[in-house]
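Note sheet for the following structure.
The values are calculated or read from the model by the stated rules, or taken from the named source; none is laboratory data. Keep in mind that what you see is a predicted model, and the values were worked out from it rather than measured. Ideal geometry is used to build each Cβ from the backbone, glycine not excepted, and the neighbour counts take in all protein chains shown.
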Amino acid sequence: MRGSTVLRIKGSVKNYDWGNDFFIDDFLGRKRDGKRKAELWFGSHPNGPSVSADTGEIISIEGFPFLFKILAIDKCLSLQVHPTLEQAASGKYQDLNQKAEVFCSLTPVTAMCGFRPLAEIKDNFRMIFGDDSPIDEAESVHDFFSILYQMKKLLPKYHEFLKNQTIRHSGEFKSPLEIAIEISSDYPDDPAILAPWFLNVVHLNPGQTIYLRPRVIHCYVFGNGVELMNSSDNVIRAGLTHKEVNRSELENVSLFEHTVPDILSTETSVEGLRYLIPDAPGFELSCMEAGSFDIPEGEYRILICTQGTAKVGNIELSNGQALLAMPEEGFHVDAEKAQLFAASGKRG
């Protein structure tokens, strides 16, 4: 890597059970092998660094500011929340970084993100439990959440409720009922299987982007897309997992109020880049398509080609290929017949 300011890189594939068995293989132009592949990492994270596509050299850059991923989601991920910079500095976490996430859909995507209004949560629980609903006296979302983990004894009634429902398929998206039936089968004794009734269920069409701020409880449910985040391993799980759920830290960190899902509008820069996340802490995500772009120096950048063929400086990028640009020099991108997503950030 020495002496190179722009180089092609290969990502690190992650085989998690919630991944699907086709999207990443197709994206990389590989023959499908039937194995579940959930994530394709681009960056310098020690648990999955990229390598030079030409030499195989590991990309190792201390303080690299972000982690860029392709996600291929077949099953619901764990419910989780991430700390702010101030919370991460408490010494309770794996690193001192905040963790925000931005996700741009490449196919139709369903996610759960942030709490519904308390009145809506109460209505949903009355629909399920009738007069046995334990949350009628809750005066806040925090009150509700404190009661949630004491509801195991009511889960048999919830399973009976689900058995009596008729699924009306939502086409390319997952409805709250469809999500509920799927996760209740995987985690029958976990009160978090009630999540579709207390969290916002969000549907993203291809090209739509959601911003997941620190402290907002969330999980992805189904679909494929591009994800950009701070380079951090800090996570508190809230359920839908066989791993530990740290309830005390969850209550310390989470934002217990109604949260409107942060579906982003785009902003176009003077260079013509379509910015999908102009105000995230520590990184930016942009899209380049059907045009030519002059990219200034000053930041680390990773470009992923998701459609067609583009030219970045003297390097040609086709669908499924990626490139790392060092901050020392700017470069020109010809994306007249391509779509590229670009992540950028300054080293911390």
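Of the conditions (1) at pLDDT below 95; (2) out of contact with any Gly (no Cβ under 9 Å at 6 or more places or on another chain); (3) crowded, with 16+ Cβ neighbours inside 10 Å, Gln98 satisfies every one except a single condition; which number is it?
If we test Gln98 against (1) at pLDDT below 95; (2) out of contact with any Gly (no Cβ under 9 Å at 6 or more places or on another chain); (3) crowded, with 16+ Cβ neighbours inside 10 Å, just (2) comes out false.
Restricting to segment 92-113, what's the tally of residues that are assigned to a strand (DSSP E or B) and either in contact with a helix residue (DSSP H, G or I) (Cβ under 8 Å, 6 or more places away or on another chain) or β-branched (Val, Ile, Thr) (or both)? Before you say what the answer is, go through the steps one by one.
To start, the set of residues in segment 92-113 that are assigned to a strand (DSSP E or B) comprises 101-105, 109-113.
With the extra rule that they be either in contact with a helix residue (DSSP H, G or I) (Cβ under 8 Å, 6 or more places away or on another chain) or β-branched (Val, Ile, Thr) (or both), the set shrinks to 102, 109-110, 112.
The qualifying residues number 4.
So Gln150 clears everything in (1) assigned to a loop (DSSP other than H, G, I, E, B); (2) in contact with a Leu (Cβ under 9 Å, 6 or more places away or on another chain) except one condition, right? Which one?
(2)
Kindly indicate whether any position in segment 103-117 is modelled with pLDDT of 95 or more, surrounded by 19 or more Cβ atoms within 10 Å (Cβ to Cβ), on the phi > 0 side of the Ramachandran plot and more than 11 Å from the chain's Cα centre (by Cα).
The answer is yes; a qualifying residue exists.
Return the only residue of Leu303, Leu285 being crowded, with 19+ Cβ neighbours inside 10 Å, hydrophobic (A, V, I, L, M, F, W, C), within 21 Å of Gln98 (Cβ to Cβ) and out of contact with any Gly (no Cβ under 9 Å at 6 or more places or on another chain).
Values: Leu303 fails: within 21 Å of Gln98 (Cβ to Cβ).
After ruling out the rest, the residue left standing is Leu285.
Go through segment 282-348 and tell me which strands (runs of 3 or more DSSP E), entirely inside it, have 2 or more residues that are touching an Asp or Glu at 6+ places or on another chain (Cβ under 8 Å) and at pLDDT 95 or above. Full working, then the answer.
Values: elements: 284-295, 300-312, 315-318, 322-325, 331-345.
The strands (runs of 3 or more DSSP E) meeting that bar are 300-312, 331-345.
For residues in segment 64-91 being over 21 Å from the mean Cα position of the chain (by Cα) and in a loop (DSSP other than H, G, I, E, B), which is surrounded by the fewest Cβ atoms within 10 Å (Cβ to Cβ)?
First, the residues of segment 64-91 that are over 21 Å from the mean Cα position of the chain (by Cα): 86, 89-91.
Filter once more, so that each one left must be in a loop (DSSP other than H, G, I, E, B): 89-91.
On the way: Ala89: 13, Ser90: 12, Gly91: 6.
The qualifying residue surrounded by the fewest Cβ atoms within 10 Å (Cβ to Cβ) is Gly91.
Restricting to segment 321-348, count the residues that are in contact with a Gly (Cβ under 7 Å, 6 or more places away or on another chain) and surrounded by fewer than 19 Cβ atoms within 10 Å (Cβ to Cβ). Steps first, answer last, please.
First, pick out the residues of segment 321-348 that are in contact with a Gly (Cβ under 7 Å, 6 or more places away or on another chain): 322, 327, 331-332, 335-339, 345, 347-348.
Keeping just the survivors that are surrounded by fewer than 19 Cβ atoms within 10 Å (Cβ to Cβ) gives 327, 332, 336-337, 339, 347-348.
Final tally of qualifying residues: 7.
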